[in-house]
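There's a structure below that I have some questions on.
Just so you know, all these numbers are worked out from the coordinates, no wet-lab data involved. Just so you know, these numbers come straight off a predicted model, no measurement behind them. Ideal geometry is used to build each Cβ from the backbone, glycine not excepted, and the neighbour counts take in all protein chains shown.
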Amino acid sequence: MRPEKLLRFVFLLLMLMTVLFLHAQDAETDEEDEDEGGINIESDWSKTVNPYTRGDQLFCINLGLVQPLFFVEQEEGYLDTNMNLGGLGSLGYIYFLDAHWFLGGELSGMFSSTIDKSMFYIIPIGFRGGYQFIINRFEFPLSLLIGFAPQSYSDRTYFGFFAKPAAGAFFRFNTDWSFGLNTSFWWVPQWTSKTRVFSQRTSAINIHGFFWEFSLGVRYHF
């Protein structure tokens, strides 16, 4: 399957999983209301002063933008990306080891057009670890995601390493949902076996891509 088709499949899968997940939560809420005689009883917010314990989990949905920043090549230095502002969507999962430390994973898809009207795609998938600061009903997760990312541009493809440090700011709306913002710095290297002669010496042709992500996030707590 070509990467652009895989990206479309990923986005459709994200949308389908999101719809099914929200529908399941609505059905669960209706059942809880019926059990309470049709009265929706809010949870005690005093429990959210330190709401996380080992085993708590999050389901995360993010939609946003990706700005290609620059490429770096060993011999030529900084290079223009010749790419436009792109879009992204992602699904994530988080498991808390205690009140602050967590592990998890993420599947996402990103696209951006180029100056020659072609499309560039990245489909990162990886594992993350991080730490979350909590101030009343505000939560500030810091994390590092490491994995791999199929990439495609025109008729060329590449499969390689991917990493991104990320930070977020979320407001705990209630015991089930929180809403907020994410920002992250993508490192997308392309290491190849190709070489060339540069200034009378042979060097590998390796290019490192750097991108900046800004996205809106929704997290379901369970």
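What percent of all Cα-Cα pairs in the stretch 89-139 falls into each 10 Å bin, going from 0 up to the bin containing the maximum distance?
All Cα pairs considered, the percentages come to 21, 33, 25, 15, 6.
Related question: Along the charge dipole of the stretch 101-222, which of Ile205, Trp101, Gly129 sits closest to the positive end, that is, farthest toward it, with unit charges on the beta carbon of Lys, Arg, Asp and Glu (+1, +1, -1, -1)?
Ranked along the dipole, the leading option is Ile205.
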